[in-house]
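Worksheet: one structure, shown below.
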Amino acid sequence: MKTRFKKKGKIIDIGITAVAGALSVGVMLYGVYHFGLSEAWPELVLNVFYIACLAMIWMYFFNRLDARKFNYWCSVCIGVTVLLRDILFPPPLSCYALHLACLTLSVLLLLMLTFFYARKKWKTYSKRNLWMIFIVDMAIAALYNYVIYTNPINEYTNYLLTEIWIRPTITYGLVACFVSETE
């Protein structure tokens, strides 16, 4: 099969992203099985969007999906997960300031994704702007990570830590794919 990228570094970036994302989604699917559908159904809904993003990354990598469709659908899937997990149904946080910071960053990320896929000349989107999408998503995950570590550890902790880092991993894959498209 012919791949879209020729540089070894880019192939490794996409490969590591896809493998890490697939392992994380697998852990979360096991978590849904372990805790039961009645308790973990939101994770199952989010995993559907994550699986769609991973499938699109692979399709894009192997030239089965053109850049415009990949741009649109991957941005929409990530945007839906931001909307569901961080804006409409945010996890309860003990500190109101952290909750407000996460909510603000989530709205910013959603606006950045909307701006990215709504541009008619999206190839003019700069590398700095693409990396900002990833950085904002990493900041959200880092804040959630901080909250999880400051709370007492229980049986959900490992699954929560895995779940919060899936989206930044997939966002990194999206950015890694498009950094080369902007050149």
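Can you tally the net charge around GLU163? Count Lys and Arg as +1, Asp and Glu as -1, for every other residue whose Cβ sits under 11 Å from the Cβ of GLU163. If you can, show how the numbers build up before the last one.
Numbers: positive: ARG85, ARG167; negative: GLU43.
Charge balance in the 11 Å sphere: +1.
Treat each spin label as a single point 7 Å out from the Cα along the C-beta direction, and report the VAL19 to ASN158 distance in nm.
2.1
Solvent-accessible area per residue for the chain at a 1.4 Å probe radius, Å²?
Per-residue value: 54 Å².
Extending each Cα 7 Å along its Cβ direction at LYS69 and TYR146, get the distance between those two points in nm, one decimal.
4.2
Taking only Cα atoms, what is the 0 to 90° angle, nearest 10, from helix 37-61's long axis to the longest principal axis of the chain?
10
Tell me the mean residue ellipticity at 222 nm calculated for the chain from its helices only (DSSP H runs of n ≥ 4, each -39500 (n - 2.57), averaged over every residue, nearest 500).
Helix contribution divided over all residues of the chain: -27000 deg cm²/dmol.
What's the carbon and sulfur percent of the chain's accessible surface, probe 1.4 angstrom, rounded to a whole number?
69
By the scheme Lys and Arg +1, Asp and Glu -1, what is the net charge of all other residues having a beta-carbon under 11 Å from that of VAL32?
It works out to a net charge of -3.
Could the peptides 151-158, 138-145 be put in order, highest first, of the mean number of other beta-carbon atoms found within 10 Å of their residues?
Result, highest mean Cβ count within 10 Å first: 138-145, 151-158.
The values are calculated or read from the model by the stated rules, or taken from the named source; none is laboratory data. Owing to the predicted nature of the structure, the values given are computational and were not obtained by experimental measurement. Cβ sites come from the backbone with ideal geometry, for glycine too, and all protein chains shown count toward neighbours. With ligands, DNA and RNA removed, areas are computed over all heavy atoms of the protein, side chains included. Shrake-Rupley method; radii C 1.70, N 1.55, O 1.52, S 1.80 Å.
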